[in-house]
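A.B. asks: This is the structure I want to talk about, given as structure tokens.
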Amino acid sequence: MAPFTFTLFAPYNKQAAIRLKNASVRMFGADILMEKDESDGYFRATVDLADGIFHYQFKIQTKSWFEQEPEPALPNYDDDEYIAMTQEEKQEKTEAYTKLIDEIRERNRQRESEATFTEIWYTFVDPYATDVDERGSDDAHKAVGILTVKNGKRIIDEYEWKYDSCYLPPDEELVIYEIHVGDFSGGDNDPNARGQFKNVKEKIDYLKELGVNAIELMPIKEYPGNHSCYGTTSDLKEMIDEMHKNGIRVILDGVYNHCDCSSPLTQIDHDYWYHHNPKDVAMSWGPEWNYNFYDPKYNIWPARKFVGDSIRYMVEEFHIDGIRFDAARQIQNFDFLHWVVKEAKKAAGPKPFYCVAEFLPDEPCITNIDGPMDGCWHDSFYWAIRDLLLYDNIDIGRLKSVIDCRQQGFLGVTNVVNYIGNHDHDRMLVELGKERSIFGEEAFKRIRLGVVIQMTSTGIPMIWMGEEIGEYKEKTPDVAKIDWSLIADREDNSNSINKTLLAFFRGLVLLRKENKAFFQTNLDFIHEDHNAKVLVYQRWSDTGERVVVIVNFSGIFLAHYRVPNMPIDGWWHEWTFNYDVKVSYNEVHLDLAEREAKILVWLGENWEPSASEPQPDPSTESTSNNDTNTTEEKPEEKSEEKPEEKQQ
């Protein structure tokens, strides 16, 4: 036995107590009153505990006017309980839930103006609990905190890190893959109702073959309902450790603008940590942290301290490599964001740590010299590409501004994260079908066009899980696990279009990672043809790497299209059809299929094709991805024709 002290910060509450029991015991014993220290605002209770696992809850004489609303009466996924219900039972439960909500809201309205509401006691889980059982226990009725004691001290788990010294890529080289843990693993026949951390770990080989070097996990912390149980702390650590072993960074999605109504702090003293009213009712998703409130008595910023402690815990305990800040614009406090990003990076130590904001609509103020973040989600990029792919809205000026984010005021490659889909939207393939009834090869061709632009634009590319295999499921709060059968071997090869798309993604990711031209902001638009709807831009590095991207936005095949202003003569490799072409007199002629992009990669000043390589007809382009062909462009006689006239 050894003394263990429980602490609860509740500086202006009158009384607090703790309920405690061994995890193997069914019922709690008598409440243990906690003693308050007015000098620091903490309640404490010291109890002699043997090594083992314990369940506990706090009780407080609340200062809140706020009473949490219950969880939804019906599950929003197909579990056994839902399947077993009759329609009458579902209706009855829904009506009871609606009545309860109305009663609680009415009590909240009344209690705000009552002086006696502080006599109410609430039972809740420890705000600093490191493990929670939402099922509670026989007499808990609510979630319980789980405390594990070993050698008289609290432990999280006993995992030992193995690969902390492994190399991890710097921010500018990242290609991010966004994952919802519950839906990433398995398929319709997967025995696991929801994916787990261990299932993500099992997909590391797939992620390596795809080529991504960072994953961004949607929120993994405990929240109400049965959607957030992805495994133990050891499972999460092992997954992250194995990612690091394979050179893959792990970024966590954190929600620091608001919390759920069932947050323990709402029950202690709502207005000490949260705004009394939403800052913007139209953009409110729950109690909103009040980062502006400072308590001079205890010299503390309550909301900042709690969220800062939470972030430091995740960085130090789980060795994460970055944070995506949800709804950062709604936080409306750059001072806090500067502070918390600094705290996170300090906790991370010398390794790279990427902080990216969902700041909608995107603006450079969040990332530039005075901005708190390294990067932001480039939502204007998404909408410009969406309008292009879905509606053939070819606004070259708008497209140029999102391809080169400097035109919008951003400064560097890491300032924007480019995507053509994320968890907030239907995948582009779904949108093409729903909005335009475009399916099959035409839909996949448009996706390939969008991905080329995404991977070659200034910024960090991000893939929403399943995009790369043509996942077709719509956005839903229900279970929508990735259908991995889309790339499984089939006798009839009926999924060849999906496999081809995956190969296309893999090749582009590899090109993006291996060519230093994409790690710098160097980008020039060297040709634009508003009549033919063609845009050409080059990326280059200070060490000599060059890439030229030629995009035909139109629905018209352009034969032997003249591309002027090529940056350098010599041999280039055409990536999309895998052949080599020689540029002379700073121009090249290429066939451009409708809605197609070609990528020319500079082979260097001294590169020459070997004598054994075949020399095909210059007017012919190979579609093979295995053999490399060479085409030497011969100079044509000088002409005053304009590029658009040559296509007629």
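The values are calculated or read from the model by the stated rules, or taken from the named source; none is laboratory data. Here the structure is a predicted model, which means the values were calculated and not measured. Glycine also receives a Cβ, built like all others from the backbone with ideal geometry; neighbour counts cover every protein chain displayed.
A.B. asks: Among the numbered conditions (1) within 18 Å of ALA214 (Cβ to Cβ); (2) in a strand (DSSP E or B); (3) out of contact with any helix residue (DSSP H, G or I) (no Cβ under 9 Å at 6 or more places or on another chain), tell me where ASP524 comes up short.
C.D. replies: Result: ASP524 passes all but (1).
A.B. asks: Just checking, which of ASP379, ASP335 is of a type in the set (Asp, Glu) and farther than 22 Å from ASP253 by Cβ? Walk me through how you get there before you give the answer.
C.D. replies: Values: ASP379 fails: farther than 22 Å from ASP253 by Cβ.
When all the criteria are applied, what remains is ASP335.
A.B. asks: Of the residues LEU20, LEU8, only one is within 21 Å of HIS270 (Cβ to Cβ) and surrounded by 13 or more Cβ atoms within 10 Å (Cβ to Cβ); which?
C.D. replies: Values: LEU20 fails: within 21 Å of HIS270 (Cβ to Cβ).
That would be LEU8, the only listed residue that is within 21 Å of HIS270 (Cβ to Cβ) and surrounded by 13 or more Cβ atoms within 10 Å (Cβ to Cβ).
A.B. asks: Any idea how many residues of region 280-334 are in a loop (DSSP other than H, G, I, E, B) and of a type in the set (Val, Ile, Thr)? Lay out the reasoning, then the answer.
C.D. replies: Start the filter on region 280-334 by keeping residues that are in a loop (DSSP other than H, G, I, E, B), which leaves 280, 284-287, 290-294, 296-299, 301, 319-321, 327, 332-333.
Okay, now just the ones that are also of a type in the set (Val, Ile, Thr), so 320.
Number satisfying all stated conditions: 1.
A.B. asks: Being surrounded by 14 or more Cβ atoms within 10 Å (Cβ to Cβ) and either at pLDDT below 75 or not acidic (Asp, Glu) (or both) is true for just one of ILE146, ILE83, ILE155. Which residue is that? Break it down into steps so the answer makes sense when it comes.
C.D. replies: Values: ILE83 fails: surrounded by 14 or more Cβ atoms within 10 Å (Cβ to Cβ); ILE155 fails: surrounded by 14 or more Cβ atoms within 10 Å (Cβ to Cβ).
Result: ILE146 is the single residue among ILE146, ILE83, ILE155 that is surrounded by 14 or more Cβ atoms within 10 Å (Cβ to Cβ) and either at pLDDT below 75 or not acidic (Asp, Glu) (or both).
A.B. asks: Out of all the residues in region 56-77, is one or more in contact with a Ser or Thr (Cβ under 9 Å, 6 or more places away or on another chain), over 30 Å from PRO302 (Cβ atoms) and at pLDDT 90 or above?
C.D. replies: Scanning region 56-77, I find no residue that is in contact with a Ser or Thr (Cβ under 9 Å, 6 or more places away or on another chain), over 30 Å from PRO302 (Cβ atoms) and at pLDDT 90 or above, so the answer is no.
A.B. asks: The conditions are (1) closer than 22 Å to ILE220 by Cβ; (2) assigned to a helix (DSSP H, G or I); (3) of a type in the set (Phe, Trp, Tyr), and TYR272 fails exactly one of them. Which is it?
C.D. replies: Among (1) closer than 22 Å to ILE220 by Cβ; (2) assigned to a helix (DSSP H, G or I); (3) of a type in the set (Phe, Trp, Tyr), the lone unmet condition for TYR272 is (1).
A.B. asks: Considering every residue within region 174-194, establish whether at least one is under 20 Å from the mean Cα position of the chain (by Cα), basic (Lys, Arg), at pLDDT below 90 and not in a helix (DSSP H, G or I).
C.D. replies: Yes, that holds for at least one residue.
A.B. asks: A follow-up question, please. Does GLY409 satisfy the criteria of being surrounded by fewer than 16 Cβ atoms within 10 Å (Cβ to Cβ) and farther than 10 Å from GLY459 by Cα? Walk me through it before giving the result.
C.D. replies: Details: surrounded by fewer than 16 Cβ atoms within 10 Å (Cβ to Cβ): yes; farther than 10 Å from GLY459 by Cα: yes.
Criteria met by GLY409.
A.B. asks: I'm told ASP478 meets every condition in (1) free of Cβ contacts under 8 Å to residues at least 40 places away in the same chain; (2) loosely packed, with under 14 Cβ neighbours inside 10 Å; (3) in contact with a Phe, Trp or Tyr (Cβ under 9 Å, 6 or more places away or on another chain) except one. Can you identify the failing condition by its number?
C.D. replies: (1)
A.B. asks: Spot the failing condition for ALA303; the list is (1) surrounded by 22 or more Cβ atoms within 10 Å (Cβ to Cβ); (2) free of Cβ contacts under 8 Å to residues at least 12 places away in the same chain; (3) not polar (S, T, N, Q), and only one is missed.
C.D. replies: (2)
A.B. asks: Turning to a different aspect of this structure: Going by the structure shown, is ASN422 surrounded by fewer than 16 Cβ atoms within 10 Å (Cβ to Cβ) and either part of a loop (DSSP other than H, G, I, E, B) or modelled with pLDDT under 95 (or both)?
C.D. replies: Numbers: surrounded by fewer than 16 Cβ atoms within 10 Å (Cβ to Cβ): no; either part of a loop (DSSP other than H, G, I, E, B) or modelled with pLDDT under 95 (or both): yes.
Considered against the rule, which asks whether it is surrounded by fewer than 16 Cβ atoms within 10 Å (Cβ to Cβ) and either part of a loop (DSSP other than H, G, I, E, B) or modelled with pLDDT under 95 (or both), ASN422 comes out as no.
A.B. asks: Now for a separate question. How many of the residues making up region 35-61 are within 21 Å of GLU158 (Cα to Cα) and among the acidic types (Asp, Glu)?
C.D. replies: Residues flagged as within 21 Å of GLU158 (Cα to Cα) and among the acidic types (Asp, Glu) within region 35-61 amount to 1.
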